[in-house]
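Please treat every number below as a calculation from the coordinates, not as lab data. As the structure is a computational prediction, the values presented were derived from the model and not from experiment. Positions of Cβ are backbone-derived with ideal geometry, glycine not excepted, and every protein chain shown enters the neighbour counts.
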Amino acid sequence: TEAGLHHVLALGLALAAVPTAAALFMTTAPYGRHLRPGWGPAIDARLGWVVMESPAVVMFLAIYAAGENAWEPAPLVLLALWQFHYVERTFVFPLRLRPAARLPVAIVAMAFGFNTLNAYLNARWISHLGDYAPGWLGSSAFVAGGLLFVTGWLINRRADRALQRLRADGGTGYRVPRGGLFERVSCPNYLGEIIEWCGWAIASWSLAGFAFALFTAANLVPRAVAHHRWYRREFPDYPAGRRALIPWLL
Ligand code: NDP
């Protein structure tokens, strides 16, 4: 049945988080400051981001709309939360990348594949396979998850904007970010992103949501550690008390 297949795919994604994290601890994904030769052809990073993130907007919407419960209130609110994040990430965030930035086609292809699978898993669950009565919007899972989602989104967006403002003078290099959560960790944007998708997992209370949250952490924990090491290497006066991702802990 489709429900069985969906379950197997979501479980597969959750289990794949472990080897993915292990691989990314050994080999940092080659984009941004970690871009290096040997990963095949690269394209304009702004185009790459739009292409690789677009399934999370377009396919998500199409799959959602085909569901039997697409016009029910709780699925509609979950749809709104998802699109609230992804429309910005797909069509606004890339505009602020540095104009000469490049992204390997291999990264674009892998992220496109991941986003397609993830769009299917989450959209199909909330609008068709899952069961959300209108009362779900008043449940403690939805309220707590929704609050966590918004908190994570605010942290993520605030941090991404602060990073991109470091180049407001037209520079293309890297600087030590300061202020707010940057005083505690090198990558508050990744921390916010992980919190956000944990919130989604709780608000939707679904295996698909938990698998995505796990996969996000599998991607971003190793990357935060790599960024943190890079900062310490590049800036000898890098603030000593700053951690990679979680204040005082990691
Ligand atoms: P980064 O923090 O590496 O970079 C974000 C932007 O800020 C880039 O434009 C980068 O430039 C610039 N920047 C970063 N640090 C500095 C600095 N010290 N000085 C000047 N400019 C800087 O984030 P990512 O590109 O890895 O990710 C972007 C967004 O996508 C984040 O919000 C992240 O959470 C999200 N994401 C989500 C994933 C998921 O699994 N859900 C996976 C990957 C990302 P440059 O590109 O030149 O380095």
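The table that follows gives values for the structure above.
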| item | result |
| --- | --- |
| Prolate/oblate/rounded call for region 1-71, Cα gyration tensor, a/c under 1.5 rounded | oblate |
| Amide H within-cut-off set for Val185, under 5 Å, with H built and near neighbours excluded | Arg243 |
| For His228, His34, His7, order by how many other beta-carbon atoms lie within 10 Å, fewest first | His34, His7, His228 |
| Interchain or long-range residues, amide H under 5 Å from Ala42's placed H | Val105 |
| Radius ratio Rg over Rh of region 1-142, counting only Cα atoms, Kirkwood formula for Rh | 1.03 |
| Helix runs (DSSP H) in the chain reaching 27 Å along axis by Cα, Kyte-Doolittle at least 0.5 | 2-26, 45-65, 105-124 |
| Sequence of Arg89, Arg233, Arg98 once ranked by neighbouring C-beta atoms within 10 Å, starting from the fewest | Arg233, Arg98, Arg89 |
| Amide H within-cut-off set for Arg102, under 5 Å, with H built and near neighbours excluded | Ala45 |
| The chain shape via C-alpha gyration tensor axes, a/c threshold 1.5 | prolate |
| Fewest-first sequence of Ser204, Ser139, Ser127, Ser54 by Cβ atoms within 10 Å of each Cβ | Ser139, Ser54, Ser127, Ser204 |
